[in-house]
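Enquirer: Below is a structure I'd like to ask you about.
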Amino acid sequence: MSQQVLSPVDESIVATIEELDVAATDAAIERAARAQVAWARVAPADRSRLLIRAAEAIDAANEELALLEVRNAGHTISNARWEAANVRDVLTYYSGAPERNFGRQIPVPGGVDLTFLEPIGVVGVIVPWNFPMPIASWGFAPALAAGNAVVLKPAELTPLTAIRIAELCCEAGIPEDVFQVLPGKGSVVGWRFVTNEKVRKICFTGSTEVGKKIMAGCAEQVKRLTLELGGKSANIVFADADLEEAASTAPASVFDNAGQDCCSRSRLLVEASVYDRFLSLLEPAVKSFEVGDPSAETTQMGPLISAEQRARVASYVGPGANVAFQGSAPSGKGFWFPPTVLAPVDRSDRACREEIFGPVLSVIAFDDEQEAIEIANDTPYGLSGSIWTREVGRAFRVARAIETGTLSVNSHSSVRYWTPFGGFKQSGLGRELGPDALEHFSEVKNVFIRTGE
Ligand code: NAP
Ligand code: MG
């Protein structure tokens with residue numbers, strides 16, 4: 001079946017893609033299973049070299065990939081260049097792994113004991129539409145480095161960059177069928193990854209709702225699973241913070257990628273004593289946030305991904321919503337929505353509780369540190385967050401008390417490929433990136449050799 005891929009910028013057709021059915025998915029998994037056996041036997045230094053070559057090929061195609069993402073996903077050109085560069089960096093980072101993925105020698109009586117980190121086999125990576133390039137690489141790069149084959153399903157809305165990346169990897173020398181991108185529906189191709197016994201691990205990024213279904217499906221075969229799900233992260237501003245800097249950086253922390261970011265700081269918690277002052281600093285920063293043609297160098301925010309997503313986001317800003325101020329957005333064709341600040345918002349309001357995945361910020365006042373922590377933790381999610389304070393003791397106290405996987409102090413950084421990324425509570429299971437990700441793509445095997453006394 002063929003599927004049209006639309007540009008969210010002007011609703012034009014960007015490409016028509018052939019989608020796989022169950023039989024074609026099974027055939028691809030079968031080929032991957034065969035290719036994996038040979039891939040795991042490639043000498044570690046050679047596997048490493050091939051990953052470096054893939055990184056170089058992606059680097060050389062940076063502008064091509066970035067422009068493709070601008071067309072397909074409406075990402076700003078500066079973001080899209082960063083995203084393609086992130087794929088390069090993640091591949092380069094894990095290219096060092098094949099020669100370092102060593103086990104241990106454990107002292108035991110009566111013999112010698114060794115552990116081996118074996119590849120799991122075929123890994124199924126399922127990717128959402130919000131960051132098609134980086135999220136794909138956080139799965140496929142460490143998986144390949146650990147000796148697995150990868151079948152990857154991009155989101156139906158945004159398959160183009162992943163398809164191109166797989167071609168580039170193949171041209172760079174990654175053997176045929178070791179890394180395959182399989183476009184299709186989640187309910188068909190993605191779900192087949194869950195039910196096909198030859199796929200031994202799923203690496204899923206997407207909504208908490210679909211993640212729960214996949215977890216239940218994987219239980220059937222005790223299939224290995226990593227989940228990166230939703231978030232409702234808090235940006236906590238204490239009265240002693242550099243308020244100017246906190247206010248000027250807050251818009252990007254929630255409106256970047258039009259808010260379609262699982263780490264988006266979509267709840268802003270402000271200490272009551274500086275609430276009015278902070279909002280007066282925030283307003284001009286929001287109103288000057290540049291929304292428009294994503295291919296322009298200075299644009300900070302493009303459109304939402306689809307008409308459906310825009311309707312969902314708009315439902316949080318309907319009658320009764322306490323809109324404090326809004327930025328601007330183009331009208332006419334394309335799925336545009338202006339940066340919007342709701343303030344103050346009651347903690348029980350759905351805008352404060354549900355992941356909106358759009359450019360809508362909910363502001364809440366708090367009285368003291370304890371209350372800030374309590375509000376920040378009052379959500380089923382626990383992915384990211386920021387703390388703005390000049391007091392080092394408070395920064396650590398609050399960071400330790402917040403139930404979330406990735407925090408930043410006096411900054412909004414979230415995902416850095418050197419360090420672990422993932423969620424507490426219903427934001428996920430397992431961690432990606434950083435030095436430990438390989439553990440999630442390997443099985444530990446223990447071998448005891450009797451030597452006699
Ligand atoms: P989604 O509906 O959960 O879809 C994610 C991926 O799963 C898509 O490729 C989708 O295919 C596929 N899928 C859907 N149903 C499936 C099924 N029954 N079996 C197997 N695969 C299935 O999420 P989305 O709408 O693309 O993305 C938005 C959500 O993702 C947000 O909630 C956001 O927070 C979350 N997210 C989390 C992270 C993180 O790192 N924690 C990162 C990005 C996004 P189709 O293309 O056919 O829909
Ligand atoms: Mg979906």
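Enquirer: Semi-axes, largest first, in whole Å: what does sqrt of 5 times each Cα gyration tensor eigenvalue give for region 197-255?
Expert: In descending order the semi-axes read 40, 10, 9 Å.
Enquirer: With a 1.4 Å probe and every protein chain left in place, tell me how much accessible area Cys170 has, in Å² to the nearest 10.
Expert: Ignoring ligands and nucleic acids, Cys170 comes out at about 70 Å².
Enquirer: Quick one: ranking Arg200, Arg192 by accessible area, 1.4 Å probe, largest first, what do you get?
Expert: Listed by decreasing accessible area, they come as Arg200, Arg192.
Enquirer: Under Stokes-Einstein, with the Kirkwood radius over Cα pairs standing in for Rh, what whole-number D in µm²/s applies to the chain at 25 °C and 0.890 mPa s? Could the numbers behind the result be given before it?
Expert: On the way: Rh = 22.9 Å.
Using the Kirkwood radius from Cα pairs, D works out to 107 µm²/s.
Enquirer: Here's something else I'd like to know. Given region 279-381, report the % of alpha carbon pairs whose separation exceeds 16 Å.
Expert: 62 percent
Enquirer: Based on the Cα atoms of region 1-84, what semi-axes does the equivalent ellipsoid have, where each is the square root of 5 times one gyration tensor eigenvalue, given in whole Å with the largest first? Mind dumping the intermediate values first?
Expert: Values: eigenvalues 186, 108, 10 Å².
The answer is 31, 23, 7 Å, longest axis first.
Enquirer: Please compute the per residue accessible area over the chain with all protein chains in place, 1.4 Å probe, rounded to a whole number of Å².
Expert: For the chain, the solvent-accessible area averages 41 Å² per residue.
Enquirer: Restricting the calculation to Cα positions, tell me the Rg (one decimal) and the Dmax (whole number) of region 380-426 in Å.
Expert: 10.7, 31
Enquirer: Averaged over every viewing direction, what's the projected area of the C-alpha convex hull for region 226-290? Give it in nm², one decimal, please.
Expert: So the Cα hull casts an average projection of 4.9 nm².
Enquirer: Show Val392, Val313 ordered by accessible area, largest first, where the area counts protein heavy atoms only and the probe is 1.4 Å.
Expert: Largest accessible area first, the list is Val392, Val313.
Enquirer: Sticking with this structure for a sec: For region 114-218, report the translational diffusion coefficient in µm²/s to the nearest whole number, using Stokes-Einstein at 25 °C, 0.890 mPa s, and a Kirkwood Rh over Cα pairs.
Expert: 177 µm²/s
Enquirer: Let me cross-check Tyr417: its accessible surface, 1.4 Å probe, with only protein heavy atoms counted, in Å² to the nearest 10?
Expert: Around 50 Å² of this residue is reachable by solvent.
Enquirer: Heavy atoms only, probe 1.4 angstrom, no DNA, RNA or ligands counted: give me Glu271, Glu308, Glu18 ranked by accessible area, highest first.
Expert: Working: Glu271 30, Glu308 150, Glu18 120 Å².
Sorted by accessible area, descending: Glu308, Glu18, Glu271.
Enquirer: With an 8 Å cut-off on Cα pairs and a minimum separation of 6 or more residues, tell me the relative contact order of region 234-416 in percent.
Expert: About 27 percent, as a whole number.
Enquirer: Mind jotting down the distance between the C-alpha centroids of region 171-214 and region 355-429, whole Å?
Expert: About 30 Å separates the Cα centre of region 355-429 from the one of region 171-214.
Enquirer: What part of the accessible area of the chain, given as a whole %, is carbon or sulfur when the probe is 1.4 angstrom?
Expert: After summing per-atom areas, the C and S share lands at 53 percent.
Enquirer: When all C-alpha to C-alpha distances in region 234-416 are sorted into bins of 10 Å, what percent of pairs does each bin hold, rounded to whole numbers?
Expert: 10, 40, 36, 12, 1, 0
Enquirer: Take region 173-220, drop everything but the C-alpha atoms, weight them equally and run the Debye formula without solvent; then report log10 I(q)/I(0) at 0.14 Å⁻¹ to two decimals.
Expert: After summing over all Cα pairs, the log10 values are -0.39.
Enquirer: Rounded to a whole number of µm²/s, how large is the Stokes-Einstein D of region 48-162 at 37 °C and 0.692 mPa s, given Rh as the Kirkwood radius over C-alpha pairs? Write down the numbers at each step before the final one.
Expert: On the way: Rh = 15.4 Å.
Translational D for this selection: 212 µm²/s.
Enquirer: Sticking with this structure for a sec: Checking the table Lys212/Lys287; Lys213/Lys333; Lys212/Lys232 against a 29 Å threshold on Cα-Cα, which pairs fail?
Expert: Numbers: Lys212/Lys287 38 Å; Lys213/Lys333 35 Å; Lys212/Lys232 17 Å.
Where the Cα-Cα span goes over 29 Å, the pairs concerned are Lys212/Lys287; Lys213/Lys333.
Enquirer: Also, quick follow-up: What nm distance separates the two modelled labels at Glu56 and Asp368, each placed 7 Å from Cα along Cα→Cβ?
Expert: 6.1 nm
The values are calculated or read from the model by the stated rules, or taken from the named source; none is laboratory data. Note that this is a predicted model, so its numbers are computed, not measured. When we count neighbours, we look across all protein chains shown, and the Cβ atoms used for this are built from the backbone with ideal geometry, even at glycine. Areas reflect the complete protein model, heavy atoms only, side chains present, ligands, DNA and RNA absent. Shrake-Rupley method; radii C 1.70, N 1.55, O 1.52, S 1.80 Å.
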